[in-house]
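Q: Shown below is the structure under consideration.
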Amino acid sequence: MSKLRTVALLIVIPLALLYASLFVGRFLVSPLDVARILAAQIFPLNADWSKSAEIIVLQIRLPRALMAMCIGAGLSISGAAYQGMFRNPLVSTDILGVTAASGFGAAVALLLSRNAFELQLIAFAFGLAGVALTYRLARIYRTTPVLMLVLSGVVVAAFFSACLSGAKYVADPESKLPAITYWLLGSLNAASVKGLAMVLLPIVAGCVGLLLVRWKLNVLTMGDEEARSLGVETERLKGIIIVCTTLITAAAVSVSGMVGWVGLVIPHVGRMLVGPDHRLLLPATLSIGASYLLFIDDIARTASAGEIPLGILTALIGAPFFAYLLRKTRGTWH
Amino acid sequence: MGCVGPLLGAFWLGTVAAAFAQSPSAPVPAPVTRQITDAAGRIVTIAATVNRVADPWHANNAMVLMLGGADKLVATTNQARDQPWLRRLYPRIEQVPAAFNAAGEVNIETLVGVHPDVILMAYGGTLPHWMDAVESYHIPVVMLPNESLEGLKTTVRMTGTVLGERESRVAAEYIRYLDENIRKVTQITSKLAQSERPKVLHTATPGILTIDGRRSVIDDWINVAGGVNAADVVGVGRPVTMEQVVVWNPDVIIVGTAPNQQNRQAIFDDPRWREIKAVRDGKVFANPSGAYLWDRHSAEAALQVLWAAKLLHPARFADLDVNRETKQFYARFFHHMLTDAELASIMNATAP
């Protein structure tokens, strides 16, 4: 019964939040008008709402809300998969250097004054390249030991962080430098229908991939050798997980900048709710992550006339919340 | 005349010798230093004659050029050296060592190596962290105000004062010119009712969506030109949400970041901007850019008020010829006759 209720909540909450996000904001659109604007896309309705309201709902809030959900869900499920694969609860999605590499790519795009779409593309490509480099470094005799992966990730991340600092060092302080700085703090302000279409494919593909191998993840958490003795091709599995999480994280970072904390903490919240079994944990983190980032982004865009960077809020609100959960459960969920 | 010079010289030498003979501790007759109060309220002692200037403030390099003191520049920034129009107007800028990077960080060894008499630096409320290090080499730093049109005048005046008498005269001439332009414009715009003042949004980077708010040079020239800043946030380059821009619904949008023309087009191409009044009316404009960005702390602020006034109120400023004013300005203050192609490059903010 309680399990059923949990599952029902995990389905209902993100959808309710999504609807709420469409009428919450600085521009007043009533919940009813939101429903009618949405319905008008399918049924012929007499449009007596303002054109601006329609643009706000369909072009600005909806892509942004969906983007927040995709990214929140993607980062969380990737974090859960990595924590299982590396057998370490402190692991986050950027362990293989994807965030640093994407960040550098974005900074380069900003330095070259590329538009939002090109920026996304360049950041995505750099993210993929960064992880490819890490994977290549970690590869020994057709195996990729976890320790080698972690250390190679540290090396690649350090290298790209230095490149990023270099990019900031040469950036024009009146326009480019603040742009890079704000971008790195994370924001979904650039979300548009076009941008959404571009991130949707890699994130959905990555999530589906991870969901398909989620039962094998349970075996992998026992260690490479045990897993192999149980007939799991560990190298192939690790490869699949790395490809999926990299697709997700690179796509996420390329559009939102560096949104920390989500990939680290949401998997733990998921474990508190449904336990450590990856078959349940991965779908659960998907829902919690989507709801969490959507909620945070609603605050980011409504709390003030300005845009509050996401990276600040995810930690500022997430950290005390996590501290509370930690005290309450005394870390007994593992 | 032929014998008066040496005679006078001998007399002067004699006097000085006598003065020294009488009291060895007596002060030297001509002062070798002078004192100046800077924007941070510090009393700075600088050489009486300044021949070597280090300028870590990109925008101010063009001011120094305008005042006729550019040959005294011994250190500049990467960004000033990369400003296409500054290079066109003053090719030597490329040879001036960049002791400062874009973020205002200093290479102390390069700086000390060029022996500057003084450093001119923008003051935004804090002193640069390298201040103590630089002053320990006895290089004085003069801080200049940078956040309003009034501050711009003070900066020009102080820069002139530091550079010398000739430059001071040009500074006074420029300030008169700027005041005259502001007066010419406000004469008309001050009579405007609030409802006649278009809401102007000035974007810094449309992709990331940062905009320029109140308490800035930008806010000042918008007001002078008979508009109001659509953005009620404080400071420059502030990030805002797309939704907030729709709520502000500006009448006019001015794009202020290179490549201005592409960024302007990006706004027209983006469906999220479509219902905003300025976009519907086709009133999205790229800001001109010359020796420095016109819209920011620049010598061309004097032209910016004219350009913006004409842009916001074309009918009221029908007989104002911004192109002619621009040509005259560059001829008078930068001693450069603009060709029509060059004029177009400045108005379109492209490299010459």
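Rule-based calculations on the coordinates, nothing more; no lab input. Remember, it's a predicted structure, so these values are computed and weren't measured experimentally. All Cβ positions, glycine included, derive from the backbone under ideal geometry; neighbour counts span all protein chains shown.
Q: From the residues B:ALA301, B:VAL284, B:GLN261, which one has its Cα farthest along the dipole of the range B:252-324 in the positive direction, the dipole being from +1 and -1 charges on Cβ of Lys/Arg and Asp/Glu about the Cα centre?
A: Value computed over the given set: B:VAL284.
Q: Evaluate the Debye formula for the range A:71-329 with equal point scatterers sitting on the alpha carbons, no solvent, and hand back log10 of I(q)/I(0) at q = 0.10, 0.11, 0.14 Å⁻¹, in q order, two decimals.
A: Those come out to -0.47, -0.57, -0.92, one per q.
Q: Using +1 at the C-beta of Lys and Arg and -1 at the C-beta of Asp and Glu, which of A:LEU211, A:ALA162, A:TYR141 has the Cα lying farthest in the positive direction of the dipole of the range A:71-329?
A: Farthest along the dipole direction, towards plus: A:TYR141.
Q: Moving on. Given bins 10 angstrom wide, list per bin the percent of all Cα-Cα distances in the range A:228-290, short to long.
A: Computed distribution, short to long bins: 19, 40, 35, 6, 0.
Q: Whole-Å semi-axes of the range A:136-232's equivalent ellipsoid, largest first, each the root of 5 times a Cα gyration tensor eigenvalue?
A: Gyration-tensor ellipsoid for the range A:136-232: 37, 23, 9 Å.
Q: While we're on this one: Report the Cα-based extents of the protein assembly as shown along its three principal axes, largest first, to the nearest Å.
A: 114, 66, 46
Q: Next question. Can you grab the distance from the C-alpha centre of the range B:270-344 to the C-alpha centre of the range A:233-283, Å, no decimals?
A: Distance between centres, Cα-based: 51 Å.
Q: Once R0 is set to 30 Å, what does the formula 1/(1 + (r/R0)^6) return for the Cβ-Cβ distance between B:ILE43 and B:VAL234, expressed as a FRET efficiency to the nearest 0.05?
A: Efficiency, rounded to the nearest 0.05: 0.50.
Q: Give me the orientation-averaged projected area of the Cα convex hull of the range B:21-161, in nm², one decimal.
A: So the Cα hull casts an average projection of 9.7 nm².
Q: Could you tell me what percent of the DSSP beta bridges with both partners in the protein assembly as shown are antiparallel, to the nearest 5?
A: 40
Q: How high is the relative contact order of the range B:62-160, in percent, with contacts defined as C-alpha pairs under 8 Å that are six or more residues apart?
A: Relative contact order comes out at 23 percent.
Q: Between 0 and 90 degrees, rounded to the nearest ten: what's the tilt of helix B:165-189 against the longest Cα principal axis of chain B?
A: 20
Q: Another question, then. How high is the relative contact order of chain A, in percent, with contacts defined as C-alpha pairs under 8 Å that are six or more residues apart?
A: Averaging sequence separation for qualifying contacts and normalising by length gives 28 percent for chain A.
Q: Right, next: Could you state the angle between the C-alpha long axis of helix B:260-269 and the longest principal axis of the C-alpha atoms of chain B, as a value from 0 to 90 degrees rounded to the nearest 10?
A: 20
Q: Dipole of the protein assembly as shown (Lys/Arg Cβ +1, Asp/Glu Cβ -1, origin at the Cα centre): which of A:LEU66, B:VAL247, A:GLY25 lies farthest to the positive side?
A: Farthest along the dipole direction, towards plus: A:LEU66.
Q: Another question about this same structure. Please give the helix B:301-312 orientation as an angle from the longest Cα principal axis of chain B, in degrees from 0 to 90, rounded to the nearest 10.
A: 10
Q: Same structure again: Per residue, how much space in cubic angstrom lies within the convex hull of the C-alpha atoms of chain B? Let's see the in-between values first.
A: Details: hull volume 61.5 nm³, N = 352.
Spread over its residues, the Cα hull of chain B gives 175 Å³ apiece.
Q: Work out the count of Lys pairs in chain B where the Cα-Cα distance is under 27 Å, with the pair 8 or more places apart or on different chains.
A: 22
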